[in-house]
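Colleague: Just dropping this structure here.
Just so you know, all these numbers are worked out from the coordinates, no wet-lab data involved. Only a predicted model underlies this, so the values are computations on that prediction, with no experimental measurement involved. With ideal geometry, Cβ positions are generated from the backbone for all residues, glycine too; neighbour counts draw on all protein chains shown.
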Amino acid sequence: MMIFFKTRTIVVVIQVVGFLLVSTSALPHVARTIDGQDWILQSYTELVESRHNEVQDAFKNVLQGVHIGSYITASERGLNSEGVYNVQGKIMGKDAVVKVMKDTGTEALGEVLALKDRGELLYSGYIVISGRYAPAIVMVKVPGKVLSDTREYKRASDEEREKLKKQAIKLMCKAVADIAVHSHLLHYENNIDNTLVTVSNGKVSSAKVCDYGASVTFKVSASVTRKEVYDWCKARWTPSTWIVVSDEMPF
């Protein structure tokens, strides 16, 4: 069905749009801040346009020699991903995982950029999975387990679980701060499922972050300090907000 507008209607629309543009441009510019932190800059989805030359061929080729192993149950099928799989054998001498993407849009390209900046990107391209070609990102495997999947956490009392969470959050925030200073990017989505820990002698001895989703990974100011990032992280993530889904279930 075609829709026709009378000339007078078009003129009125143009006048209204012009007024809105003038009014908007007259407003004072307010710098965007995330969580009130001016050192958090563009997201990696926003960076894709200005750095498109770095990722324009990211999904051009079919990956050879990447053999998919078991599905990682702790990973999630979300809006942009169909889950993460272990890789059989090593890639470039490193343990690796494959994240299967739903498409090759801005989110996928942004994640390739983030992993590239982080130094954890191995390959990107198409792989064959379940009899079809799918876009995928091959990245360095982060060691450890989600805290809630560890034997120590499962056997712990409520009080002991609280202590384990505090230990994990402290180490996780140190890792996030180090990444911000060294790689100039912020791993923002630091929920419990994106933190892999090692537990030794009843204590969390290490915590590393994983999953650099482009819309929740940001460039940071080159002048940001470890303390600024660490303090922000510790304020944002507490044992009460770091919820394990099974903790809340009545069964």
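Colleague: Take the Cα pairs of the stretch 138-228, get the Kirkwood Rh, then feed it into Stokes-Einstein at 37 °C and 0.692 mPa s and tell me D in µm²/s.
Modeller: Working: Rh = 13.8 Å.
D = 237 µm²/s.
Colleague: Can you compute the radius of gyration and Dmax for the stretch 87-155, using only the Cα atoms, both in Å?
Modeller: 14.4, 42
Colleague: I've got another one for you. Quick one: Cα convex hull volume of the stretch 44-140, Å³ per residue?
Modeller: 97 Å³
Colleague: What Rg and what Dmax come out for the stretch 91-244 when only alpha-carbon atoms are used, in angstroms?
Modeller: In order Rg, Dmax, the Cα atoms of the stretch 91-244 give 16.6, 48 Å.
Colleague: At a 10 angstrom cut-off on C-beta neighbours, averaged per residue, how do the peptides 37-50, 187-200 rank from highest to lowest?
Modeller: The packing order, highest mean first, is 187-200, 37-50.
Colleague: Which entries in Lys99/Lys208; Lys166/Lys234; Lys60/Lys116; Lys90/Lys203 show an alpha-carbon gap greater than 21 Å?
Modeller: Long pairs (Cα-Cα over 21 Å): Lys90/Lys203.
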